[in-house]
Amino acid sequence: MISIMKSTNIGLEKMQEVTSDSWINVVEPNAQEIKMLTDLGIPQDFITYPLDMDERSRAEREDDGTLLIVLRVPCFQGTNVDIPYITMPLGIILKDDYFITVCRIQHEIIQRFTEGVEKNFDTQKRN
């Protein structure tokens, strides 16, 4: 699933297409969605690395300046399991005009931003 959002004077708004200063949130993308992102100039590996549960935290930069940051974020599995928390990869891809987040699930950290819980979030301030 791909969601495109952009900060406006009334808050975070969903967009139909990628524009300057937008945020593309990617959750468990299918082959068609991965193709759409590679058509934007994102290396396919930058999209698939964060989907690998064994991926380690790191950063990688392409020659064109595209930056991938992979973080491991906590994920609550429930109280009925031996280990209630695990970590999973969350990818942040920075381009000149927009940024992308990639994760296997709709993580609560990302939801806090999409729902407006985190104050002073602005997609124009990518860094």
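Here are some notes:
- Where the Cα pairs of the chain fall when distances are cut into 5 Å bins, in %: 2, 10, 21, 23, 21, 13, 6, 3, 1, 0
- Under the simplified labelling scheme, the THR87-GLU62 pair shows an inter-label distance of 2.7 nm, with each label point 7 Å from Cα along Cα→Cβ.
- If the chain linking ASP54 and ASP96 were pulled fully straight, counting 0.36 nm for each residue of separation and taking away their Cα-Cα distance, it would gain 12.3 nm.
- J(HN,Hα) series, the stretch 48-57, from Karplus relation 6.51 cos²θ - 1.76 cosθ + 1.60, nearest Hz, glycine and proline x: 7, 3, x, 7, 7, 4, 8, 5, 9, 5
- Integer Hz, Karplus 6.51/-1.76/1.60 couplings in order for the stretch 92-107, x for Gly and Pro: 10, 10, 9, 10, 5, 10, 7, 9, 10, 10, 10, 8, 6, 10, 7, 6
- Residue among LEU71, GLN111, THR48 farthest towards the positive dipole end of the stretch 43-127, charges placed on Cβ: GLN111
- In Hz, Karplus ³J(HN,Hα) per residue of the stretch 75-89 (6.51, -1.76, 1.60; θ = phi - 60°; x = Gly, Pro): 9, 7, 9, x, 8, 8, 10, 5, 10, x, 10, 10, 10, 9, x
- Surface accessible to a 1.4 Å probe, per residue, for the residues of the stretch 34-127, Å²: 62
- Of all accessible heavy-atom area on the chain, the percent that carbon and sulfur account for (1.4 Å): 47
The values are calculated or read from the model by the stated rules, or taken from the named source; none is laboratory data. Here the structure is a predicted model, which is why all the values come from computation and not from measurement. Ideal geometry is used to build each Cβ from the backbone, glycine not excepted, and the neighbour counts take in all protein chains shown. With ligands, DNA and RNA removed, areas are computed over all heavy atoms of the protein, side chains included. Shrake-Rupley method; radii C 1.70, N 1.55, O 1.52, S 1.80 Å.
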